[in-house]
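What follows is a short report on a single structure.
The values are calculated or read from the model by the stated rules, or taken from the named source; none is laboratory data. What you see is a predicted model; the values in this text were computed from it and never measured. Note: ideal-geometry Cβ built from the backbone for every residue, glycine included; neighbour counts use all protein chains shown.
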Amino acid sequence: MSLFAQYFLLSLPLFGIVLAGYVLARLPRWPRGLTGWLSKFVFAVALPAFLFRLMSGFSQLPAVDSHLLFAFFGSCFIVFVVGRLVAWRGFGLDGVSQSIFGLGGVFSNNLMLGLPLARVTLGEASLPSIALVLVFNALILWTLVSVSIEWARNGALSPRGFAKTAWGVVTNPLIAAIVSGTLFSLAGFKVPRIVDLPLAALGEIATPLSLAVVGMGLAEYSIRDDWQQSLAITSLKLLLQPTVVWMLAVALGLPAMETKSIVLLASCAIGANVYLMSMQFRTMQGAIASSLVMSTVLAAITTPVFLSALAFFYG
């Protein structure tokens with residue numbers, strides 16, 4: 001069996017859960033309110049519990065090469081700039097729209113797709129690298145796009161606009177769980193067993209339920225809206241970003257597991273946070289919604305391609 005086939009079959013069940021969620025949400029008698037309640041439960045309870053428990057052991061995780069942060073976020077900056085140029089020269093978009101366009105090319109669905117895929121395809125050894133990226137991911141990328149948008153609007157950084165966005169990031173339940181869990185671990189505390197057991201139970205259902213919710217959310221979007229822009233964003237996300245991450249990882253001499261982990265994250269579909277950002281700034285909603293669908297479908301092929309290429313080079 002080829003390497004591609006192996007990784008494709010490993011990841012297929014996860015994308016199958018996404019498809020199942022999509023099919024359920026498309027059923028004529030599916031209660032639309034249920035999707036909203038499930039999404040709220042996943043984002044406000046299940047995933048934060050899972051992430052807090054994961055990050056509460058952050059200080060005990062095996063050490064990883066911290067240069068992976070330069071490779072991953074360095075690629076984000078490079079691809080973000082390329083995305084802005086494509087949006088400007090290729091589609092004539094204004095500065096705010098360029099920023100959202102560029103964010104679509106770098107913001108992965110790390111929590112709901114990347115983390116489960118890493119555990120299935122790379123194993124538990126990938127978790128230290130994944131955890132380190134998760135600690136900084138949303139804060140760095142939301143800061144990047146916020147500065148870009150404020151500069152595009154005002155020709156300078158607006159402290160009020162930046163503070164408003166920063167507050168929205170910090171109070172996000174997922175970010176709060178990651179930050180609080182990390183601080184809890186670094187302070188030397190341990191989760192009591194009476195608390196750890198329910199957190200573990202919630203963590204067990206967080207992954208499959210979150211994947212199903214991704215599919216349900218995709219059912220609300222259409223790939224017909226601004227498909228040319230969506231195709232460009234999807235190409236940046238699924239092809240350019242993992243390629244740039246890999247090149248930077250090689251240049252920095254990262255070990256095999258760190259390289260595999262961050263390239264996998266970079267190869268994942270676009271995260272729903274990009275759509276939330278487009279809604280917040282009232283631009284690119286159609287193109288971003290379309291790119292969510294398109295990138296999720298195509299990632300079922302492109303992510304195994306990158307994983308098989310990585311396995312070929314690193315074993």
- Message: Report every pair of residues separated by at least 6 positions or lying on different chains whose Cβ atoms are under 8 Å apart, first residue within the range 284-308 and outside any helix (DSSP H, G or I) and at pLDDT 85 or above, second surrounded by 24 or more Cβ atoms within 10 Å (Cβ to Cβ) and not hydroxyl-bearing (Ser, Thr, Tyr).
- Response: 284/100; 284/101; 284/104
- Complete set of residues in the range 1-34 that are over 30 Å from residue 307 (Cα atoms) and either in a helix (DSSP H, G or I) or among the aliphatic types (A, V, I, L, M) (or both): 25, 26, 27, 32, 33, 34
- Item | Residue list for the range 254-277, restricted to those being buried (at least 24 other Cβ atoms within 10 Å of the Cβ) and under 20 Å from residue 153 (Cα atoms) | 274, 277
- Checked against (1) surrounded by fewer than 20 Cβ atoms within 10 Å (Cβ to Cβ); (2) under 22 Å from residue 90 (Cα atoms), residue 291 satisfies every condition except (1)
- Query: Are any of the residues in the range 138-149 surrounded by 24 or more Cβ atoms within 10 Å (Cβ to Cβ), part of a helix (DSSP H, G or I) and at pLDDT 85 or above?
  - Reply: no
- Counted residues in the range 60-77 being surrounded by fewer than 18 Cβ atoms within 10 Å (Cβ to Cβ) and either farther than 14 Å from residue 252 by Cβ or hydroxyl-bearing (Ser, Thr, Tyr) (or both) come to 6
- Item | Which listed residue is modelled with pLDDT under 75, within 27 Å of residue 112 (Cβ to Cβ) and surrounded by fewer than 17 Cβ atoms within 10 Å (Cβ to Cβ), from 200, 156, 166, 176 | 166
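Quick one: is residue 91 under 25 Å from residue 124 (Cβ atoms) and either at pLDDT below 95 or surrounded by 17 or more Cβ atoms within 10 Å (Cβ to Cβ) (or both)? Before you say what the answer is, go through the steps one by one.
Details: under 25 Å from residue 124 (Cβ atoms): no; either at pLDDT below 95 or surrounded by 17 or more Cβ atoms within 10 Å (Cβ to Cβ) (or both): yes.
In short, no.
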- Query: Would you call residue 53 of a type in the set (D, E, K, R) and touching a residue at least 40 places away in the same chain (Cβ under 8 Å)?
  - Reply: yes
